[in-house]
Amino acid sequence: MLSEVYRICAKCATANEVTANFCLKCGTKLTAADEKPLLKHGGQFGDALDKLSLTKEEHQAAKNLIILAGPIPQGYVFSDMVYANVESDASQSDQLMMTKLVQNLYRSLYSLQLSGVANLKIVPTVSSSGLSSTRRHLLAYGDGFKAIAQSQS
Ligand SMILES: [Zn+2]
C-alpha cells in the first residue's frame, strides 16, 4: 500500500531496487539484510510533495528525508518522536487530508532537523461531537532519526 521494499544502502542511505546487488550511488555491496519497507517519495508522497505549500528550503529538505515503515536504518540514530496530525469535517476528501498530513509531517521533520522518520504509523479516527457534526482525524507518528556523524578519513 504505502510502502515498497527497497535495499537501503548502509553507507549512504540510498534506496536501491530490491534486485540491486550494489548501491547505485556509492557501490557498497547490498544483500537481503539491507531490505526495508520504505515509504518512498516516488509513491504517493512524491505526488503529494509538489502540491504542498512548503517554503523553498522545506521543499528541498523534504526531498532528502527518509520515511520508513520499518525500524531505524543503519547509520542513523533515534532522536525525537515525530507527530503530525490533521483534522477536518466529514466532507474533506481522503486525498486532501493525506496531502495535509504529509505536509505537516515534513514540516515537523524539518523543524526538528531530522533525517527522517521510521516506524511510521498512520491512524485514521472519526469523532462525533453531537448532532450531525462528525470530525475526521489523521494522526501520523514515528521515531525521528538523525544520521550518525561520519568521521571523514
Ligand atoms: Zn550507497
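The values are calculated or read from the model by the stated rules, or taken from the named source; none is laboratory data. Computed from a predicted model, the values in this text were never measured in an experiment. No Cβ is skipped: glycine too gets one built from the backbone with ideal geometry, and neighbour counts run over all protein chains shown.
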* Asked: What residue, among those in the stretch 86-107 that are in contact with a helix residue (DSSP H, G or I) (Cβ under 7 Å, 6 or more places away or on another chain) and part of a strand (DSSP E or B), is nearest to S133 (Cα to Cα)?
  -> S88
* Could you check, for the stretch 51-70, whether at least one of its residues is at pLDDT 85 or above and either outside any helix (DSSP H, G or I) or surrounded by fewer than 16 Cβ atoms within 10 Å (Cβ to Cβ) (or both)? => no
* **Total residues in the stretch 108-137, condition surrounded by fewer than 15 Cβ atoms within 10 Å (Cβ to Cβ) and part of a helix (DSSP H, G or I)** => 1
* To do: Test each condition in (1) in contact with a Leu (Cβ under 8 Å, 6 or more places away or on another chain); (2) modelled with pLDDT of 80 or more; (3) not acidic (D, E) for P73 and report the one that comes out false.
  => (1)
* Asked: How do the pairs read when you match residues in the stretch 137-150 that are touching a residue at least 12 places away in the same chain (Cβ under 8 Å) and closer than 30 Å to Q95 by Cβ with residues anywhere that are β-branched (V, I, T) and in a loop (DSSP other than H, G, I, E, B), using Cβ under 8 Å and keeping only pairs 6 or more apart or on different chains?
  -> D143/I72; F145/I72
